[in-house]
Amino acid sequence: MGRRWPGWLVGAVACGHDATIDRDPADTGSEAGSSVDATSRTDTTTEPEGSSTGEPMRPVAPVHRFVDVTAAANLGGIVQAEARSAPWCLLDRAYSEAPGDYCVPERLVAGVAAGDLDGDDHVDLVFPALDGGTRVMLGDGAGAFADATGRSGIDGAARTSGAALGDVDRDGDLDLYLTVFGGTRHLLYLNDGAAGFREVGVERGAAVASDAIHVGTSAAFGDPDLDGDLDLFVGEWRPDLELGDASHHVALLRNLGTEGPGGAPGWFEDVTLAAGLDPSAFAPEHGVKPGVYVFAPAFVDLDGDGLPELVMTGDFGTSKLFRNLGELRFEDVTAAAGVGAERNGMGSSFADIDADGDLDWFVTAIYPAARPDLGNRLYLNDGAAGFVDGTDAWGVRDGGWGWGAAIFDHDHDGDLDVAMTAGWTQAEFADDALVLWDNPGAPQLRDVAGALGLVDVGQGRGLVTLDHDEDGDLDLLVTHWAAPPRLFRNDDPPGAWLRVRTVGTRGDVQGRHAIVELEFDDGRPGDGRVVVQQIGAGAGLYGHGELTAHFGLGDAETIAAVRVRWASGATSEVVAPELRQTLVVVEPAG
């Protein structure tokens, strides 16, 4: 991207460095770039009149592109943070007498979580916010969202930074966890099934409460002990020096399940240290300033043994891969596995990008032109509990000051593509652009974002995929610091597709950790090419996208079978499913 850093910044700047552009506190103007003023979809066009051939006008195939539909979707009025500069920022340095002089933490965050909150089978959105209150937006399935915040029961006064959706009490609907910025506890909201919420964080042991301020980042639901109840990992970006003590609120919370009051799930206990995790030791292990710097945690089975690993991106070289030993015990295998090489790990996404049957890991980071050894990382799973660095072979190192990431098939050609958003409040990174690396089936990938209408420049933070208009392709939703989100509708990808929605009965209602295998039809049953996805292993930074498995199928006309291997050990199979549909697969009862 041709950006260069001043020599004095090299080696000193990370995503938490305080070298920023000062702004007037009243300036909340968007840095997200100009939008495409086109919301109508044209499925076919015709050749212009006056053809030199004299032939009648013929239909022309639609052109694959992305269109900015933010305003049409009723999302344009959402701004999750004001643009402040000292002395109007939300936090104070412990060693300074001036209030509001520590501005970095609030410039890190802006997220969104997607899922069906009201049980109508349409995807809804939750936008945490430092200013203006958390927003609950209910989708209508046709592409628009209605603001239901007022009747949701969500506390509009709390400053929130990250959101996660999951059914913690196993009553069939999605509950909401919000990490808090500047408060003293996080928030857990139970859903009444109709997007009405009641806050129970302290009562249920999920608040991670203390007297010290919380600087929450992302939270992740998962079932690492495979007992059928969703546990929770909570991240934080909190430097000791600037904030004055060694407090931290990075925690693994175990869902007590039937051990909870009355034998009901949805109560939690902190098992961080008992699980073999010591977040306060991450920074000293790498010789960086004390604190905790967890951006994006995830529970993902990376070694194929059925037990989800605990993986997290971290600033200042503190990304971690903890192998799941069973019974909620973890072992740090970061170095042995060949991961964690990025300096400033932020966004994270898992998928089988090289189509060899296991999950690879893409991590966004900061790429200064003067330090070409830094930047993003693509770790390719070798199938033997290790990873090979494929960053340069695949051409995905330079994405600017990286944040959210997603791996998905944007054009339905059967190969997975990589998207990321970027930007920071230094001049050198203020014009970072959204990137979409197209996968031609083998390295190297190429950026096609601008050619496809994905024009978004400035302060990108979160990035999720969802099919907001239910037309069978994945759209992109980008959040920004101090600017509205941008929703890009995916129009007319040429290939066939199949979506698989898993419904758990023995464990998580969304089927987290289920492995979905799709076998192509080559005329020999059982011998066709197989591609895999893992439910819940998608993008995650301050939020997450839909948990539906989405497959691009290229020019395939038939599929041999879809198989689901559930976290419970049960299996399901659908032979020769129809294409271009959302296939709902229900876990067999135990």
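Note that the chain carries a Kirkwood radius of 24.0 Å, evaluated over its alpha carbons pair by pair. What the Cβ-Cβ distance of D373 and E269 gives, at R0 = 45 Å and to the nearest 0.05, is a FRET efficiency of 0.60. Can you give me the Kirkwood hydrodynamic radius for segment 507-559, using every pair of distinct Cα atoms, in Å to one decimal? Hydrodynamic radius (Kirkwood, Cα pairs) of segment 507-559 is 12.9 Å. The chymotrypsin sites (Phe, Trp or Tyr not before Pro) of segment 421-497 include none that meets both conditions, a loop assignment by DSSP and at most 11 other Cβ atoms within 10 Å of the site Cβ.
Can you give the FRET efficiency for A393 and T505, using 1/(1 + (r/R0)^6), R0 = 51 Å, r = Cβ-Cβ distance, to the nearest 0.05?
Working from the Cβ atoms, E equals 0.75.
Here each label is just a point 7 Å from Cα along the line to Cβ, and for D192 and E327 those points are 4.3 nm apart. Across segment 458-590, the convex hull enclosing all Cα atoms gives 116 Å³ per residue. What the chain shows is 35 Å² of accessible area per residue, with the surface traced by a 1.4 Å probe over protein heavy atoms. Residues in segment 160-193 near a label at R151, defined as backbone nitrogen under 15 Å from the 7 Å Cα→Cβ point? Only 192-193 fall inside the zone, counting backbone N under 15 Å.
Among rounded, prolate and oblate, which fits segment 192-291 when a ≥ b ≥ c are the square roots of the eigenvalues of its C-alpha gyration tensor, a/c under 1.5 means rounded, and a/b larger than b/c means prolate? Verdict is prolate for segment 192-291.
Could the peptides 111-120, 456-465, 551-560, 235-244 be put in order, highest first, of the mean number of other beta-carbon atoms found within 10 Å of their residues?
Result, highest mean Cβ count within 10 Å first: 456-465, 111-120, 235-244, 551-560.
If the chain linking L241 and D356 were pulled fully straight, counting 0.36 nm for each residue of separation and taking away their Cα-Cα distance, it would gain 36.9 nm. Per residue, the Cα convex hull of segment 316-469 amounts to 138 Å³. If you roll a 1.4 angstrom probe over the protein chains with everything in place, what fraction of the accessible area of the chain belongs to carbon and sulfur, to the nearest %? Carbon and sulfur atoms account for 50 percent of the accessible area of the chain. Label zone of S210 (point 7 Å out along Cα→Cβ, amide N under 20 Å): in segment 305-333 this covers 312-316, 318-320.
Model label points for Q581 and D431, set 7 angstrom from Cα along the Cα-to-Cβ axis, are 5.0 nm apart. Relative to the compact globular guide of 2.2 N^0.38 Å, what is the alpha carbon radius of gyration of segment 378-426, as a ratio? That ratio works out to 1.36. Put simply, the amide H of A549, placed in the peptide plane, has neighbours under 5 Å in V500, T502, leaving out anything fewer than 5 places away on its chain.
The values are calculated or read from the model by the stated rules, or taken from the named source; none is laboratory data. Note that the coordinates shown come from a computational prediction; the quantities given were computed from them, not determined experimentally. Every residue, glycine among them, receives a Cβ derived from its backbone with ideal geometry; neighbour counts consider all protein chains shown. When the accessible area is computed, the model is the full protein with side chains, heavy atoms only, and any ligands, DNA or RNA have been set aside. Shrake-Rupley method; radii C 1.70, N 1.55, O 1.52, S 1.80 Å.
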